[in-house]
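The values are calculated or read from the model by the stated rules, or taken from the named source; none is laboratory data. What you see is a predicted model; the values in this text were computed from it and never measured. So basically every Cβ, Gly included, is an ideal-geometry build from the backbone, and we count neighbours across all protein chains shown.
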Amino acid sequence: MPLLQTQAISKSFGATRALREVSFEADSGRVLALIGENGAGKSTLMKVLSGAHLPDAGTMHLAGEPYRPTGPQDARKAGVAMIYQELNLAPDLSVADNVMLGCEMHALGWLNRRAQNRRVREALATLGYPDLDLQTPVNRLSVGMQQLVEVARALVMNARVIVFDEPTSSLTQNDVTRLFEVIRRLRESQRAVIYISHFLEEVREICDDYAVLRDGEVVGSGVLQDVDESQLVEMMVGRSVDELFPSVPHKMGEVVLKLDKLATPSLPIPADLELRRGEILGVAGLVGAGRTELLRAIFALDPVRQGTVQIAGQLSPHQPRARIRQGLGFVSEDRKGEGLAQIRSIEDNATLSRLQPYSTGGLLNLGKRRSAVDSWMKRLEVKALSTKQPIYALSGGNQQKVALARVLHQDADVLLLDEPTRGIDVGTKSQIYRLMGEQAAAGRAIIFVSSYLPELLAVSDRVAVMSRGRIREIRAAEDWTEETVMAISIRGSEADE
Amino acid sequence: MSDDKGPSPKSNAFSVQALNSFGVFLALVIVFLVFLVADQMQPDGGSFATWRNVTVICAQTSVIAVAALGMTLIIISGGIDLSAGTGLALAATALAWALDRGHSATTAVLLCVLVGSLCGTINGLLISTLRVVPFIVTLGTMSIYMGFAKYIANQTTIRPPLDAVPNWLSTLVSTNANDRWLGFPWGVWFALGLTIVMSLLLRYTVFGRYVFALGSNEATARLCGINVPLVKTSIYAISGGLVGIAGLYHFSKLSSANPTSGLGMELEIIAAVVIGGGSLSGGQGSVLGTLNGALIIAVIGSGCTLLGFQNFTTDIIIGGIIIAAVTLDQYRQRRFAT
């Protein structure tokens, strides 16, 4: 008998049907991959599992008993724990206090720390970390270890089903390896693990079973060994893989961006680079290799210590304002933190870096601006109610399109795109690849930073591999394979040790 | 795995906290020594580092210190209470009013603490039910409480007849030799007792963990099944009770109560917490740190007076200390973070 079973779960929000008769099973001692594009209904399904939403129809059973949680705490008590992308920890509290938060062991309110520590230690030992210092405040742990603390909390609550939502999106390669080890231990201890992810390679590595969601429906499920990657993608997207990386022919022109020994405090090793019009230069490397720092240095977001930047043959003073004026556009990897003003509207965000066309003597012509933004939204197929909608109300993919609309609206000659496809669905990714190709064909140059090698190799003309703050090697994209890119990323770091 | 822990295994939450409190204590010692030396260099100096002056400093700071104990709780939980000053004056006014009306001292004192506690409870309820940020709610109640105090006092200062004020109340923070017990007025000992109780509450009880959890990440606290509105209201209620007790001290100083005398006190109370290492973004702070913070302010006040500085100099110096303390704290946090 499966440990967790859902039968024909449906959930609607107004006219939108987020889930349609979703049925799946999670067995103890197995890892179930729940895959699907953004908006496919994964997060709604998760909220139903965790009790944050009540389903409109359908039933759930946990170990044969009817399971109908009324809230996250209720779900936890029943034995279903969620590990969200955004970790739920109290950063100032210690490891032990975080693990026991909400289920403290006490006598009349007086904490029994000894008993608590024993229990926490036990949970950590199950996960393979018996030696973690219990008194360290969690804000001094790496994201990977913080995640571990959350898993330990689930164990302390006797969780039988543990759901991971995109757990690796903010982890380094080492942490990912470690997390997988933890998940294997959970599997060995006969718990059921549900693993939600975009990354099919990861899914293949850690999961046993799969269920694919598309438009709120389960379009396929079974044992992972029976399907190959392209079949999974087809199920997710509803079309074949060939259409995923649309190629737009483009030609290289003269040099438009030239770095000469550019260095900043966070990019201490001087970098040299040349970029031509009509070129897409991919930048690969592990997290921490200095890719974002390179882009920040080029855009003068970090104080430049030495070196020069030439844009179209002109030396550029080291200020973001000057860079924008000379035709550079930057899309940050951190949409929430610095890329977009979340509470401001689409039109404000899309035009912030270039308001001149709509201003006369400092006064804005809002109507003119709105119609301009409107046409950009149509071109990029941004799904929103109006140009006035605030950013936070949009899905990740649409937010990213607004961020791109800003640099396009700015009419930048050189686009610096930092992980432009992170956390967005396959369909939107494909649109963004096409857009990049079109921009290159129009004579613009693009620096494209990505951790996802297949897209990097498919979309770029040349690929630079960075490690330890250094550009190690640049070759034409067709001269790289995923293996050689990885080899350079890793070897570089060892050579410096 | 050791690479992830960053700090050495020996450094744990307790020692970090102890270190923070110790840092504030060290600052107190330094401030004290600076004034000691400056005082000695004066032609008629030597009165700063006397037992008598130390007693006066402690007695004077106890109003702020007691109220700041509650404020520590609030600030750790990520809140703020701007109404602490006027709430304190309201409690003191209620006390004076009751004594003036001929009620027994016990009734009056109970009323005082009760009024303080009620003020806090109202803050807590408003914050958790209206979901308005504490800054705004208490900005509002700050004015409301002062209004009530004025109403009770009929816009003047209430001076209950001297024989209505029991001796133990009027000598609460008296520094006369025969009012002292083991060197200090009993009010100072009581304040110290409260400090210890609050310190234990924060460190060894489930409630204490919830206070930190709330200030650290409220969403997580809710997810872990903590009754957030209840804990919040309790925090403000307890803090209000302490504000009420501070009202006793306030009344005792002059044996009278002025409804507007609490204005501005909230800032001194908050300053004590902040100098003591409390973080206005929540999750951090300690009762011992706050006590030291309050003492630092008092030592500077006393030192400046004895050095013949004018009142405004003291204000400027304290302002500078607040900014310096927070800057230093942030710098230290950042160093730990890497």
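Annotation note: of A:ALA52, A:ALA8, A:ALA75, A:ALA63, the sole residue that is under 22 Å from A:VAL212 (Cβ atoms) and either small (Gly, Ala, Ser) or crowded, with 17+ Cβ neighbours inside 10 Å (or both) is A:ALA8.
Restricting to region A:215-229, give me the number of residues that are of a type in the set (A, V, I, L, M, F, W, C) and free of Cβ contacts under 8 Å to residues at least 40 places away in the same chain. If you could, list the steps in order and put the result at the bottom.
Going residue by residue through region A:215-229, those that are of a type in the set (A, V, I, L, M, F, W, C) are A:218-219, A:223-224, A:227.
Now narrow it down to the ones that are free of Cβ contacts under 8 Å to residues at least 40 places away in the same chain: A:219, A:223, A:227.
Count: 3.
The residues of region A:184-229 that are crowded, with 20+ Cβ neighbours inside 10 Å and among the hydroxyl-bearing types (Ser, Thr, Tyr), listed by number, are A:TYR195, A:SER197, A:TYR210.
Only residues that are surrounded by fewer than 17 Cβ atoms within 10 Å (Cβ to Cβ) and within 14 Å of chain A (Cβ to nearest Cβ) were counted across region B:229-238, and they come to 1. Candidates in region B:144-188 are the residues that are over 11 Å from B:ALA59 (Cβ atoms) and of a type in the set (Phe, Trp, Tyr); of these, the one that is surrounded by the most Cβ atoms within 10 Å (Cβ to Cβ) is B:TYR145.
How many residues are in a helix (DSSP H, G or I), touching a Gly at 6+ places or on another chain (Cβ under 9 Å) and closer than 23 Å to B:LEU111 by Cα when one looks only at region B:75-99?
Of region B:75-99, the ones in a helix (DSSP H, G or I) are B:75-76, B:84-99.
Those still in the list that are touching a Gly at 6+ places or on another chain (Cβ under 9 Å) too: B:75-76, B:84-95.
Narrowing the set further to residues that are closer than 23 Å to B:LEU111 by Cα leaves B:84-95.
Summing the residues that are in a helix (DSSP H, G or I), touching a Gly at 6+ places or on another chain (Cβ under 9 Å) and closer than 23 Å to B:LEU111 by Cα in region B:75-99 gives 12.
Across region A:346-376, the number of residues qualifying as farther than 19 Å from A:PHE330 by Cα and of a type outside the set (Asp, Glu) comes to 17.
Applying the selection to region A:179-202, what residues are part of a helix (DSSP H, G or I) and modelled with pLDDT of 90 or more?
So in region A:179-202, the residues part of a helix (DSSP H, G or I) come out as A:179-188, A:200-202.
The answer is A:LEU179, A:PHE180, A:GLU181, A:VAL182, A:ILE183, A:ARG184, A:ARG185, A:LEU186, A:ARG187, A:GLU188.
Among the residues of region A:140-157, those that are hydrophobic (A, V, I, L, M, F, W, C) and at the interface with another protein chain (Cβ under 10 Å from one of its Cβ atoms) comprise A:LEU141, A:VAL143, A:MET145, A:LEU148, A:MET157. Would you mind telling me which numbered condition in (1) in a loop (DSSP other than H, G, I, E, B); (2) among the small types (Gly, Ala, Ser); (3) in contact (Cβ under 8 Å) with a residue 40 or more places away in the chain A:ALA403 fails? Just one mismatch for A:ALA403, condition (1). Tell me, which strands (runs of 3 or more DSSP E) lie completely within region A:420-495 with 2 or more residues that are in contact (Cβ under 8 Å) with a residue 12 or more places away in the chain and more than 22 Å from the chain's Cα centre (by Cα)? Qualifying strands (runs of 3 or more DSSP E): A:470-476. In summary, A:THR421 fulfils each of the numbered conditions (1) crowded, with 22+ Cβ neighbours inside 10 Å; (2) farther than 24 Å from A:LEU213 by Cα; (3) in contact with a helix residue (DSSP H, G or I) (Cβ under 6 Å, 6 or more places away or on another chain) with the single exception of condition (2).
If we scan region B:287-309, do we find a residue that is assigned to a loop (DSSP other than H, G, I, E, B) and not aromatic (Phe, Trp, Tyr)? Within region B:287-309, one or more residues are assigned to a loop (DSSP other than H, G, I, E, B) and not aromatic (Phe, Trp, Tyr).
Being more than 13 Å from every other protein chain (Cβ to nearest Cβ) and farther than 18 Å from B:ILE122 by Cβ is a description that applies to B:SER256. Taking every residue in region B:19-44 that is more than 16 Å from B:VAL274 (Cβ to Cβ) and pairing it with any residue that is among the hydroxyl-bearing types (Ser, Thr, Tyr), at least 6 positions away or on another chain, the pairs with Cβ-Cβ distances below 9 Å are B:LEU19/B:SER11; B:PHE35/B:SER302; B:ASP39/B:SER47.
Among the residues of region B:325-334, is any within 30 Å of A:VAL138 (Cβ to Cβ), touching a Pro at 6+ places or on another chain (Cβ under 8 Å) and aromatic (Phe, Trp, Tyr)?
From region B:325-334, those within 30 Å of A:VAL138 (Cβ to Cβ) are B:325-334; that's our starting set.
Filter again for touching a Pro at 6+ places or on another chain (Cβ under 8 Å), leaving none.
So far as region B:325-334 goes, no, none of its residues is within 30 Å of A:VAL138 (Cβ to Cβ), touching a Pro at 6+ places or on another chain (Cβ under 8 Å) and aromatic (Phe, Trp, Tyr).
Report, by residue number, each residue of region A:442-470 that is within 20 Å of A:SER332 (Cα to Cα) and hydrophobic (A, V, I, L, M, F, W, C). Within region A:442-470, A:ALA445, A:ILE446, A:ILE447, A:PHE448, A:VAL449, A:LEU453, A:LEU456, A:VAL459, A:VAL463, A:ALA464, A:VAL465, A:MET466 meet the criteria.
Set side by side, the residues A:ARG178, A:ARG185, A:ARG160 differ, and just one is facing chain B (nearest Cβ under 10 Å), more than 16 Å from A:TYR84 (Cα to Cα) and in contact with a Gly (Cβ under 7 Å, 6 or more places away or on another chain), which is A:ARG178. Checked against (1) of a type in the set (A, V, I, L, M); (2) on the phi > 0 side of the Ramachandran plot; (3) within 7 Å of chain B (Cβ to nearest Cβ), A:LEU108 passes all but a single condition, namely (3). Looking at region A:335-368, which of the residues that are free of Cβ contacts under 8 Å to residues at least 40 places away in the same chain, farther than 21 Å from A:LEU301 by Cβ and assigned to a loop (DSSP other than H, G, I, E, B) is farthest from the chain's Cα centre (by Cα)? Applying the filter and picking the extreme gives A:GLY361. In region A:111-121, which residue that is under 37 Å from the mean Cα position of the chain (by Cα) and of a type outside the set (A, V, I, L, M, F, W, C) is farthest from the other protein chains (Cβ to nearest Cβ)? Once the filter is applied, the top-ranked residue is A:ARG118. When restricted to residues that are of a type in the set (Asp, Glu) and farther than 19 Å from A:PRO69 by Cβ, region A:146-179 contains 2.
For region A:230-267, give me the residue count where each residue is over 27 Å from the mean Cα position of the chain (by Cα) and either over 19 Å from A:SER430 (Cα atoms) or surrounded by fewer than 20 Cβ atoms within 10 Å (Cβ to Cβ) (or both). Can you show your working first?
Of all residues in region A:230-267, those over 27 Å from the mean Cα position of the chain (by Cα) come to A:249-263.
Okay, now just the ones that are also either over 19 Å from A:SER430 (Cα atoms) or surrounded by fewer than 20 Cβ atoms within 10 Å (Cβ to Cβ) (or both), so A:249, A:251-263.
Qualifying residue count for the region: 14.
Applying the set (1) in a loop (DSSP other than H, G, I, E, B); (2) within 12 Å of the chain's Cα centre (by Cα); (3) among the hydroxyl-bearing types (Ser, Thr, Tyr) to B:SER261 leaves exactly one unmet item: (2). With a requirement of 2 or more residues that are at pLDDT 90 or above, of a type outside the set (S, T, N, Q) and touching a Pro at 6+ places or on another chain (Cβ under 7 Å), the strands (runs of 3 or more DSSP E) lying completely within region A:236-334 that satisfy it span A:255-264.
For A:PRO137, the test of being buried (at least 23 other Cβ atoms within 10 Å of the Cβ), over 18 Å from B:PHE207 (Cβ atoms), without any contact (Cβ under 8 Å) to a residue 60 or more places away in the chain and at the interface with another protein chain (Cβ under 10 Å from one of its Cβ atoms) is passed.
For the structure I just gave you, tell me whether A:GLN135 is in the same structural domain as A:LEU101 (by TED's automatic domain parsing), in contact with a Ser or Thr (Cβ under 6 Å, 6 or more places away or on another chain) and at pLDDT 90 or above. Don't jump to the end; show me each part of the working.
Numbers: in the same structural domain as A:LEU101 (by TED's automatic domain parsing): yes; in contact with a Ser or Thr (Cβ under 6 Å, 6 or more places away or on another chain): yes; at pLDDT 90 or above: yes.
Criteria met by A:GLN135.
Out of curiosity, is A:SER345 touching a Lys or Arg at 6+ places or on another chain (Cβ under 6 Å) and under 19 Å from A:ILE391 (Cα atoms)? So A:SER345 fits the description; yes.
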